[in-house]
1. Out of all the residues in the stretch 95-102, is one or more in contact (Cβ under 8 Å) with a residue 60 or more places away in the chain and assigned to a loop (DSSP other than H, G, I, E, B)?
2. When you scan the stretch 259-305, how many residues do you find that are of a type in the set (Gly, Ala, Ser) and farther than 22 Å from LYS338 by Cα?
3. If you take just the helices (runs of 4 or more DSSP H) that sit entirely in the stretch 278-394, which of them hold at least 1 residues that are more than 26 Å from LYS241 (Cα to Cα) and outside the structural domain of LYS229 (by the TED database)?
4. Identify, please: which residue in the stretch 109-142 is of a type in the set (A, V, I, L, M) and either without any contact (Cβ under 8 Å) to a residue 24 or more places away in the chain or part of a helix (DSSP H, G or I) (or both) and is, among those, surrounded by the fewest Cβ atoms within 10 Å (Cβ to Cβ)?
5. Take the residues in the stretch 35-69 that are part of a loop (DSSP other than H, G, I, E, B) and in contact with a Ser or Thr (Cβ under 8 Å, 6 or more places away or on another chain); name whichever of them is modelled with the lowest pLDDT.
Amino acid sequence: FLDHVALGNEEWNPWEGDEKNELVASQQRYKANLKMIKNARSHLEQTSLRVQIWGKAALGLYLWQHVFGGHLQPADVTAQWREGSQKAGKTYFSFITGPSVVPGYFSVEAENVVLVLNGREKAKITYATQWLHYAQTLIQTHKIQHVAVVLLGNEQCNNEWIQPYLKRHGGFVNLLFVTYDYALVNEEDIFQWPLGVATYRNFPVVEPSWSMLHDPRSYLCNFLGTVYKNSSRETLMEILKQDGLDKLCWIAAREQWQPQETNESFKNYQDALLQSDLTLCPVGINTECYRIYEACSYGSLPVIEDVMTPGDCGNSSMYHSAPLQLLKTMGAPFIFIKNWKELPAVLEKEKKLSLQEKIQRRKKLIEWYQNFKAWMRQKFINSLENSFLTSDKG
């Protein structure tokens, strides 16, 4: 010890050897940590999904623009080819749509595909199956790994044709998101998907404005639509007329359904939603209709005829609250009535509401609808990631 001190003025550190060892060890730990972080990051990049959505039904635009809040280039709705992309969760999504998106004539840019298809009627199903066969070929040739389908289902829930394509029946489709109260929804590989707004009529993404929330509205309620013979819509019209309520509401009934809106009829419809406190939603072929979601977009509270329509929808134990199981589960703040004879009492109550009460209700409705879309988006992403990443690990 003394020998060391005599060596000079520099202070002797008996722990120097240990410190050097510690420094080496800490450098090694640092390198190991760095390697671990790099591995974790590359592992994360490996587990990140790339998903290409092929929008071959108008429902795809509701998914992409309304639920995902995504944009499309070019903005022109009549363009032959439109595309967009965004990162969400661990997934990078790209979206393509338009008449030019034809099997074999575009580049498949992801190992995971979501096919948005229309299965509403025979001719549409024929077209949809061509896309499914194309996707099946891509799976067989290992060009893609996983397929999910978002399906505009049949209004009476006759969707049997899609079942052989599902994995659970020996097919290749991992997940099915389907509109209406389809009885086979199980929240495992078959999920209910909202009908949404009529994007085929170019219904826009509506940004709530101050005046939409706060201005008094000129009408108690609105109904613009087709009145079918011997339907509850006829009953609705009679009730409105006999109580003189049609004078307080914006009512424009027609006898035949119009698939194509004129600019004028579409503007009228939007004005009616914006100028009415309530939107009347009588059942059609199905209880769920575009009108429900379009009314929400403008803060006009849907008054829904809460009855099951004929067909195969909701015939399962899960559907004790059908119709509109999805909306009810999500706590939709709507007015549900079983018979239009209840309407005069609803409108009487409406007349007594102050503007302040109506403003609060509009805010609540618009906020609910935004949360609903955010929840559907998250559920969609989680379902894809859980299914696709798990099946990758075998």
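1. Let us first name the residues in the stretch 95-102 that are in contact (Cβ under 8 Å) with a residue 60 or more places away in the chain, namely none.
The answer is no; no qualifying residue exists.
2. Of the residues in the stretch 259-305, the ones of a type in the set (Gly, Ala, Ser) are 265, 272, 276, 284, 295, 297, 299-300.
Still in the running and farther than 22 Å from LYS338 by Cα: 265, 272, 297, 299.
Adding up the residues that qualify gives 4.
3. Details: elements: 290-297, 325-329, 343-352, 355-392.
Fully inside the stretch 278-394 and qualifying: 355-392.
4. Residues of the stretch 109-142 that are of a type in the set (A, V, I, L, M), as a first pass: 110, 113-117, 123, 125, 128, 132, 135, 138-139.
Next, only the ones that are either without any contact (Cβ under 8 Å) to a residue 24 or more places away in the chain or part of a helix (DSSP H, G or I) (or both) stay: 123, 125, 128, 132, 135, 138-139.
On the way: ALA123: 9, ILE125: 19, ALA128: 24, LEU132: 21, ALA135: 23, LEU138: 19, ILE139: 16.
Filtering the stretch 109-142 for residues that are of a type in the set (A, V, I, L, M) and either without any contact (Cβ under 8 Å) to a residue 24 or more places away in the chain or part of a helix (DSSP H, G or I) (or both), the one surrounded by the fewest Cβ atoms within 10 Å (Cβ to Cβ) comes out as ALA123.
5. The initial filter retains those residues of the stretch 35-69 that are part of a loop (DSSP other than H, G, I, E, B), namely 48, 56-58, 68-69.
After this cut, where a residue has to be in contact with a Ser or Thr (Cβ under 8 Å, 6 or more places away or on another chain) as well, the list is 48, 56, 58.
Values: SER48: 81, LYS56: 97, ALA58: 96.
The residue in question is SER48.
The values are calculated or read from the model by the stated rules, or taken from the named source; none is laboratory data. Predicted, not measured: the structure shown is a model, and the values here were computed from it. Glycine gets a Cβ as well: all are built from the backbone with ideal geometry, and neighbour counts include every protein chain shown.
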